[in-house]
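Bear in mind these aren't lab numbers, they're just calculated from the coordinates by the rules spelled out. Just so you know, these numbers come straight off a predicted model, no measurement behind them. Cβ atoms come from the backbone with ideal geometry, glycine included; neighbour counts cover every protein chain shown.
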Amino acid sequence: MLHTRISLEQLRRYRLPTTFAEAATYLRWRRETVQLLTIYQRYFPDDFPQEWALDQETLLPVSAGTYSESELSCLKLIETRLFPFALDHLLQCCEEGERLSTIPLWSFGIDRWNQPLQDFSPGWQLLLLLIEEIENELDLDAEVLDALQLLDRSPGRLSLSQLETLCEQVEAPLTYLPVVLRMLDHETENAFLDPTDEMPCEDLFWELADIELLAEHWREAEVMMQQAEQLTEWLAAEPTRLRKVIELWNRALS
């Protein structure tokens, strides 16, 4: 009986679609299999066992909506070595018989509207003062409040390009101010920092070109997040340094 069940499961791999919808789904899944194997060979060739090359049991899923052993291995390698994504969510969908054609990405950006102000670190709270009138919600020193009196929050007047030029002339971490402001505005053009829970990134697929793009974006995101951390910790260590930030901001107004 056991051998009969195994044989039936194997035969399902070779059952031909009977409708156009089934054919389209089958071809999409097999295309994804080829794409994942291509990614495997491109990025992790030393981790691909040679015996898998001629083993259909390893290369093809047992049933519709699932992943083969080689596909799962590739997905886990992508998540651990190239860039993070919602692997647990993908596997949960797989358990429910659904393969995700798009890459489910986590958002690492600043989600101001779904995160209470108190959940932000002190350094981020100080930077948020540049774009929001939230000083009454924070416990600020008198010197910080005095510095805020110099801040010009006129909408639309800040020139980021001018600010970038000015910040090239100052030392780190103050030089990272334009990066942090782009993160706050979700204008980094980075797939990990700009999307939000309400507006996720849903147009990237398990294709070599998209994997290459996301690997590059993740490297860039890590750099920007490190720069933002340096600036926010620098501000938190001495909140009166906000005056220097405000001076640069005001000089960059058009």
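Using the Cα gyration tensor of segment 98-175, with a ≥ b ≥ c the square roots of its eigenvalues, what is the shape: rounded (a/c below 1.5), prolate (a/b larger than b/c) or oblate (neither)? Display every interim value, and only then the final one.
Numbers: a/c = 2.35, a/b = 1.48, b/c = 1.59.
Oblate.
How much of the calculated P(r) for the chain lies past 34 Å, in percent of all Cα pairs?
Values: 12361 of 32131 pairs.
Roughly 38 percent, rounded to a whole number.
Once you compute Rg and the Kirkwood Rh from C-alpha atoms, what is the Rg to Rh ratio for segment 117-251?
The Rg/Rh ratio comes out at 1.01.
Kindly put Leu235, Leu166 in sequence by how many other C-beta atoms sit within 10 Å of each C-beta, fewest to most. Kindly include the intermediate steps, with their values, before the conclusion.
Details: Leu235 25, Leu166 19.
Placing the least packed residue first, the sequence is Leu166, Leu235.
So how do 127-137, 46-56 stack up, highest first, on mean other-Cβ count within 10 Å? It would help to have the intermediate numbers written out before the result.
Details: 127-137: 15.0, 46-56: 10.7.
Put in order of decreasing packing, that is 127-137, 46-56.
Working from Cα positions, state the angle (0 to 90°, nearest 10) between the long axis of helix 20-43 and the longest principal axis of the chain.
70
Amide H of Leu158: which non-local residues (sequence gap of 5 or more, or other chain) have their own amide H closer than 5 Å, using H built in the peptide plane?
Under 5 Å from the amide H of Leu158: Ser254.
Could you work out how far helix 242-251 tilts from the main Cα principal axis of the chain, as a 0 to 90 degree angle to the nearest 10?
Tilt relative to the chain: about 90 degrees.
Just going by the charge dipole of segment 117-251, with Lys and Arg at +1 and Asp and Glu at -1 on Cβ, which of Gly123, Leu242, Gly156 is farthest out on the positive end?
The residue sitting most towards the positive pole is Leu242.
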